[in-house]
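Peer 1: Submitted below is the structure of interest, expressed as structure tokens.
Derivation of every value follows stated rules applied to the coordinates shown; laboratory data play no part. This structure is a prediction, so every number in the text was calculated from the model and none was measured. Note that each Cβ is placed from the backbone with ideal geometry, even for glycine, and that neighbours are counted across all protein chains shown.
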Amino acid sequence: MVDPKHPAWKISDKLRANARALRRDSTDAERILWSELRAGRLNGASFRRQVPIENYIADFICHAAKLVIELDGGQHFSDEGERADTRRSTVLEAKGFKVLRFSNLDVMTNRSGVLETIITAIAERTLSPALPRKRGREQTVSVEKKQP
């Protein structure tokens, strides 16, 4: 049985090794964001990091929300970098993911804004895990009509 939270995509050994290397050699911005996302720390949402999808490695992914978070260093802001990011986003979006991009500078200088954007995206794409679920039947209020 396939676990919908962790799709069984066919991943080449090379891509898997690259993902492991990226996890081991994270940038400062990736380490900072991972410290906020790991172990359900962001409103209980489950994230994985450096996840191979097709021929790409997503920086962070929340399968339940079909959300990919990409952190971009300076090389992403060249014309060729932007074209490559557009191609990458197109492939990920074709698989049903929403892609959020933040610069490393955003993470370093506006962490709360980045986290708020991520929380909003998760809430839009899932039943928010932060909202308590109601137990039992909901209470209803009946309104009686007054007799004339």
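Peer 1: If you take the charge dipole of region 8-75 about its Cα centre, with +1 on Lys and Arg Cβ and -1 on Asp and Glu Cβ, which of Phe60, Ser12, Leu22 is farthest toward its positive end?
Peer 2: Positive-most Cα among the choices belongs to Ser12.
Peer 1: Ok, one more. Pull up all non-local amide H partners of Glu70: gap of 5 or more, or a different chain, and H-to-H distance under 5 Å with H placed in the peptide plane.
Peer 2: Amide H neighbours of Glu70: Leu100, Arg101, Phe102.
Peer 1: Same structure, new question: If you take the Cα Rg of region 13-125 and divide it by 2.2 N^0.38 Å, with N the number of residues, what do you get?
Peer 2: 1.00
Peer 1: Please give the charge dipole size of region 13-125, origin at the Cα centre, charges +1 on K and R Cβ atoms and -1 on D and E Cβ atoms. Round to the nearest 20 debye.
Peer 2: Charge dipole of region 13-125: 600 debye, to the nearest 20.
Peer 1: Once phi is turned into ³J(HN,Hα) by the Karplus curve 6.51 cos²θ - 1.76 cosθ + 1.60 with θ = phi - 60°, what whole-Hz value does each residue of region 42-53 show in order, with x for glycine and proline?
Peer 2: 9, 6, x, 6, 9, 10, 10, 10, 6, 9, x, 9
Peer 1: Then there's this: Which ³J(HN,Hα) values in Hz, rounded to whole numbers, follow from the phi angles of region 82-89 under the Karplus curve 6.51 cos²θ - 1.76 cosθ + 1.60, where θ = phi - 60° and Gly and Pro get x?
Peer 2: Here the 3J(HN,Hα) series is 5, 5, 5, 5, 5, 4, 4, 4 Hz.
Peer 1: Something else about it: List every residue whose amide H lies under 5 Å from the amide H of Ile53, counting only residues 5 or more places away in sequence or on a different chain, with H placed 1.01 Å from N in the peptide plane.
Peer 2: Residues meeting the amide H criterion: Ala58.
Peer 1: May I ask you to sort Lys98, Lys10 by Cβ crowding, counting other Cβ atoms within 10 Å and putting the fewest first?
Peer 2: Placing the least packed residue first, the sequence is Lys10, Lys98.
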